[in-house]
Amino acid sequence: LQSDGPMTQRSGAAQGLAECMAVLGSEHFEAMLPEILNGCHHPAPHVREGHLTLLRFLPLALGQLFENYLKEALGEVLTGLADITEPVRDAALGAGRVFVEEFSHSGPSLDLLLPAIEEGIAADNWRIRQSSVELLGSMMFRIAGTSGKVHVEGGSDDEGVSTEAQGRALAGTLGEGRHFDLLAAVYSLRSDPTLVVRNAALHIWKTVVANTPKTLRQILPRLMERLIAGLASADSEDRRQTASRCLGELVRKLGERVLPEVFPILRAGLGSERAGIREGVCLGLSEVIGAANRAQLQDYIQEVVPTIRDALCDREPSVRSAAGAAFDAMFRHGGADTAADIVPALLAKLDTDPVALEGLKQVLKAQPKILASVLPKLASPPINLQRANTIGALAEVAGAAPPPHLP
């Protein structure tokens, strides 16, 4: 098992040892398990590969006895998926596939498998995301009763190979909520920065989804929740990029069909107590506005403008900054009308709400030329010290935009 010889030698030893433990019984297996798991992160790659290969054969030999230790074994498998050595990653993926094949038939087993897989598809390491998506696909294919070997090349999203019956099988085994959560995860990963992850997610989607527009409407609340959380992930550029791309693609492809539901979700998210969620909402709003055309936005201006205006006065700087990006996107569509709907309200709050000045700064960072329309209001007599300080603060943000006659 720990030989540095050919891989077939370690594989044969692993299979033989697994059969021996099946004969010796649970007591011997439980005594050896810590040593087996420790070997999965041994310094030598061939030893790690051998022990992960053993984990591949143990479920086949031990059956339900192994299920009690699935959580511990799965943790080692996920670690192995990110290994720097390809044979170790292959061994880990092989073990993971056996786990899915043997233990995706019951609720308790799925409760152990799915959290680990869901954690893997959100990992920063793209290798873990890729392998976790493949494991998720294997699990969903098995439940749906399909091999997953048919690849649909090109065409639209509607051109998949799934059936409504397979969708019902997935919902029946996983439960509707979990089924929709997984579909939302798969759809978002179709926009992953890494090509192999995108391709794996697209293959799953086309294999298990029969009707893309209908499915998207069903999962939209959960998908939006995931995308908003992704946009708010300040510590993960990949997650932000994935969420941003996915939201833009969603609006470009299904604009008029999803906008009526997207904007209320974003508006509601702005009421969250968590600053990260509010920031994600504003970034999401910026993406949606940027991806939609002016005609599509026309019916939602009365809903979007107050959302941006409120966010510009948020108590958190990160939220205000993201709201500035949303204002910039909206200004590109609405121009002076957008400024007229937002800027006067901020000016009216200057004397009563100190955060309003910070909101105006974000507006001027996005569109410095707006300062020319703000100055007459601020510079009208009498000018007190507060007004003078406000003009100075805004002029500093606007850079070269102030009119030449302003001292």
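Taking the Cβ of Val88 as the centre, find all other residues whose Cβ is under 10 Å away and add up their charges (Lys, Arg: +1; Asp, Glu: -1). It would help to have the intermediate numbers written out before the result.
Numbers: positive: Arg48, Arg89; negative: Glu49, Asp83, Glu86, Asp90.
Counting the neighbours of Val88, the net charge comes to -2.
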For the chain, report the accessible area per residue in Å² (1.4 Å probe, heavy atoms, rounded to an integer).
-> 45
Quick calc, the stretch 288-360, dipole around Cα centre from Cβ unit charges on Lys, Arg (+) and Asp, Glu (-), nearest 20 debye, gives 160
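Taking N as the number of residues in the stretch 287-353, what is its alpha-carbon radius of gyration divided by 2.2 N^0.38 Å? Write down the numbers at each step before the final one.
Working: Rg = 11.9 Å, N = 67, 2.2 N^0.38 = 10.9 Å.
Relative to the 2.2 N^0.38 Å estimate, the stretch 287-353 comes out at 1.10.
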Kirkwood Rh, Cα atoms: Rg over Rh of the stretch 1-110 | 0.94
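Within the P(r) computed for the stretch 125-255, what percentage of the Cα pairs occupies the region above 26 Å? Present the calculation step by step, with values, prior to reporting the outcome.
Values: 1312 of 8515 pairs.
When every Cα pair of the stretch 125-255 is considered, 15 percent fall beyond 26 Å.
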Rounded to a whole number, what % of the accessible area of the chain do carbon and sulfur atoms account for, probe 1.4 Å?
-> 51
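Going from the alpha-carbon gyration tensor of the stretch 191-255, what semi-axes, largest first and in whole Å, does one get by taking the root of 5 times each eigenvalue? Each step should come with its number before you reach the end.
Working: eigenvalues 80, 47, 20 Å².
Ellipsoid semi-axes (Å, largest first): 20, 15, 10.
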Leading residue at positive end of dipole, the stretch 226-277 (Cβ point charges), from Gly269, Gly230, Leu247 | Leu247
For the stretch 233-307 the mean separation of alpha carbon contacts under 8 Å (6+ apart) over residue count, i.e. relative contact order in percent, is 35
With helices defined as uninterrupted DSSP H runs, which ones in the chain have an alpha carbon span along their own long axis of at least 27 Å and mean Kyte-Doolittle hydropathy of at least -0.5?
-> 237-269
Taking max minus min of the Cα coordinates of the stretch 69-128 on each principal axis, largest first, gives extents in Å of 33, 21, 16
Once you wrap a convex hull around the alpha carbon atoms of the stretch 193-312, what is its projected area averaged over all directions, in nm²?
-> 7.6
Report the GluC sites (Glu not before Pro) located in the stretch 154-259 that are in a DSSP loop and have at most 13 other Cβ atoms inside 10 Å of their Cβ, or state none.
-> Glu159
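Compute the signed sum of charges (Lys and Arg +1, Asp and Glu -1) over the other residues within less than 13 Å, Cβ to Cβ, of His105. Intermediate results must be reported in sequence, preceding the final value.
Details: positive: Arg142; negative: Glu67, Glu101, Glu102, Asp111.
Value of the local net charge: -3.
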With Cα springs under 10 Å, the Gaussian network model of the chain assigns the largest mean-square fluctuation among Ser26, Ser138, Ser162 to Ser26
Pulled fully out, how much extra length does the chain show between Glu19 and Glu176, if you take 0.36 nm times their separation in residues and subtract their Cα-Cα distance?
-> 52.7 nm
Gain in span if fully extended, Glu35 to Ser236, counting 0.36 nm per residue against the direct Cα distance | 68.9 nm
Taking the Cα centre of the stretch 324-374 as origin, work out the dipole magnitude from +1 charges on Lys and Arg Cβ and -1 charges on Asp and Glu Cβ, in debye rounded to 20.
-> 200
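The values are calculated or read from the model by the stated rules, or taken from the named source; none is laboratory data. On a predicted model such as this, the values are computed, not experimentally measured, just so you know. Cβ coordinates were reconstructed from backbone atoms using ideal geometry, including for glycine residues, and neighbour counts include every protein chain displayed. Just the protein is used for accessible areas: all its heavy atoms, side chains included, with ligands, DNA and RNA removed. Shrake-Rupley method; radii C 1.70, N 1.55, O 1.52, S 1.80 Å.
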